[in-house]
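Let me begin by presenting the structure, written as structure tokens, before commenting on it.
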């Protein structure tokens, strides 16, 4: 067996990774139920705070990098929205099949786009971080890159998340054939798109995003770097707004 050739440390790492996959799989399969529980905890905690309990919920439970600890993260040559010279750059490392990434897209992204990206205050960069236990994530990432060849990256980006939202909650399963159907529906030339996706043309590009994200400290999705400040998770719009406003006030 291959496992017998591993060192003791490697065996322990393999076991830890397998446990992490099982935990993450459980979270995603029970996403709705857990969300309700978390919401209940947050409401209860909020009441404690209101009644003088001293619990600070201003950060919304977000993991946020402080102003003195910034990570230098490359935007690479990845697709972006907004003014390329904007004072604030937001880099998202995301997985198309991740339900939390879809939650950010559904609940916070449109507000960020309206208030900060479309107004030239923020440059928003999307970088791929497909997780190994999401079977459609890698193909989806490459599909969006193939769509970019026809100048429809963001149309495909929104289509993938939008169609998942229609299909169900939690981690939604879908096929490469469905991805190809969605590409046609956003107006892509199907023959050109299918050839690009089937060839794996952008496999190395997606892998580079994963490598850069790993070096920057990304361990889960979605993860964001706002002018180098790390924010992890599908946080409320207010969390992003507060940090962006802080960065905009700086000279």
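No value in this document is a laboratory result; all are computed from the given coordinates. Just so it is clear, the structure is predicted and the values come from calculations on it, not from any experiment. Glycine gets a Cβ as well: all are built from the backbone with ideal geometry, and neighbour counts include every protein chain shown.
For the range 175-251, relative contact order (Cα pairs under 8 Å, six or more residues apart, normalised by length) works out to 14 percent. Placing dummy labels 7 Å off each Cα toward the beta-carbon, the span from residue 185 to residue 107 is 2.4 nm. If you plug the beta carbon distance of residue 249 and residue 165 into 1/(1 + (r/R0)^6) with R0 = 25 Å, you get a FRET efficiency near 0.10.
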